[in-house]
1. Could you please give the count of residues in the stretch 30-54 that are exposed (fewer than 11 other Cβ atoms within 10 Å of the Cβ) and in a helix (DSSP H, G or I)?
2. Would you call ARG37 out of contact with any strand residue (DSSP E or B) (no Cβ under 6 Å at 6 or more places or on another chain) and among the basic types (Lys, Arg)?
3. Residue under question is ALA99, and the condition is that it be without any contact (Cβ under 8 Å) to a residue 60 or more places away in the chain, open to solvent by 100 Å² or more (accessible area, probe 1.4 Å) and small (Gly, Ala, Ser); does it hold?
4. Please find, among VAL57, VAL16, VAL22, the residue that is at pLDDT 95 or above and open to solvent by 70 Å² or more (accessible area, probe 1.4 Å).
5. When you check LEU19 against the structure, is it touching a residue at least 60 places away in the same chain (Cβ under 8 Å), assigned to a helix (DSSP H, G or I), of a type in the set (A, V, I, L, M, F, W, C) and under 30 Å from GLU94 (Cβ atoms), yes or no?
6. Collect the residues in the stretch 4-13 that are of a type in the set (A, V, I, L, M, F, W, C) and either open to solvent by less than 90 Å² (accessible area, probe 1.4 Å) or closer than 30 Å to ARG59 by Cβ (or both), keeping them in residue-number order.
7. Look through the stretch 60-73, keep the residues that are hydrophobic (A, V, I, L, M, F, W, C) and part of a loop (DSSP other than H, G, I, E, B), and return whichever of them is surrounded by the fewest Cβ atoms within 10 Å (Cβ to Cβ).
8. Just to be sure I understand the filter: pairs with C-beta atoms under 7 Å, separated by 6 or more residues or on different chains, first member in the stretch 74-96 and part of a loop (DSSP other than H, G, I, E, B), second member open to solvent by less than 100 Å² (accessible area, probe 1.4 Å). Which pairs pass?
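The values are calculated or read from the model by the stated rules, or taken from the named source; none is laboratory data. Values in this document were obtained by computation on a predicted structure and should not be read as measured data. Cβ: placed from backbone, ideal geometry, glycine included. Neighbour counts: every protein chain shown. In case anyone asks, the SASA skips ligands and DNA or RNA and just uses the protein heavy atoms, side chains included. Shrake-Rupley method; radii C 1.70, N 1.55, O 1.52, S 1.80 Å.
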Amino acid sequence: MSAADSVALDDLAHDVELLRIVEDQLGRLNSLKRSLRGRLKSRLEGHEFGTVNGLPVVRSWTDSRIIVVIDWLRERYPEQAEACEDIRPVQKFELLPAA
């Protein structure tokens, strides 16, 4: 890391630490969410509603989406796929480990 490629965030140190806490909690909560949803979806086994004490509490359904499968497009219509490609800059962000 060079000094020319860095900016001081001393006044935002609290924000950095708060972001560490939030990202840690979100990671654990997303994992728990996936687990809970998986258990519920498994129990529903194709039924639309799940109930607790006779009252509906969850609903599950199948929806259709139209998607473009890029690999198929490139395989079947390589010239058209290439003509539709574009390169755009994307700013990335990474929270580095605490010192």
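1. Total meeting the criteria: 9.
2. Values: out of contact with any strand residue (DSSP E or B) (no Cβ under 6 Å at 6 or more places or on another chain): yes; among the basic types (Lys, Arg): yes.
Taking the combined requirement at face value, the residue satisfies it.
3. Values: without any contact (Cβ under 8 Å) to a residue 60 or more places away in the chain: yes; open to solvent by 100 Å² or more (accessible area, probe 1.4 Å): yes; small (Gly, Ala, Ser): yes.
Yes.
4. The conditions single out VAL57.
5. Details: touching a residue at least 60 places away in the same chain (Cβ under 8 Å): yes; assigned to a helix (DSSP H, G or I): yes; of a type in the set (A, V, I, L, M, F, W, C): yes; under 30 Å from GLU94 (Cβ atoms): yes.
Judged against the criteria, LEU19 is a match.
6. If we filter the stretch 4-13 for residues that are of a type in the set (A, V, I, L, M, F, W, C), which is where we start, we get 4, 7-9, 12-13.
If the condition is that a residue be of a type in the set (A, V, I, L, M, F, W, C) and either open to solvent by less than 90 Å² (accessible area, probe 1.4 Å) or closer than 30 Å to ARG59 by Cβ (or both), then ALA8, LEU9, LEU12, ALA13 are the ones that fit.
7. Start the filter on the stretch 60-73 by keeping residues that are hydrophobic (A, V, I, L, M, F, W, C), which leaves 61, 66-70, 72-73.
Checking the rest, the ones that are also part of a loop (DSSP other than H, G, I, E, B) come to 61, 66-69.
Numbers: TRP61: 7, ILE66: 4, ILE67: 6, VAL68: 8, VAL69: 9.
Filtering the stretch 60-73 for residues that are hydrophobic (A, V, I, L, M, F, W, C) and part of a loop (DSSP other than H, G, I, E, B), the one surrounded by the fewest Cβ atoms within 10 Å (Cβ to Cβ) comes out as ILE66.
8. LEU95/LEU19; LEU95/ARG20; LEU95/GLU23
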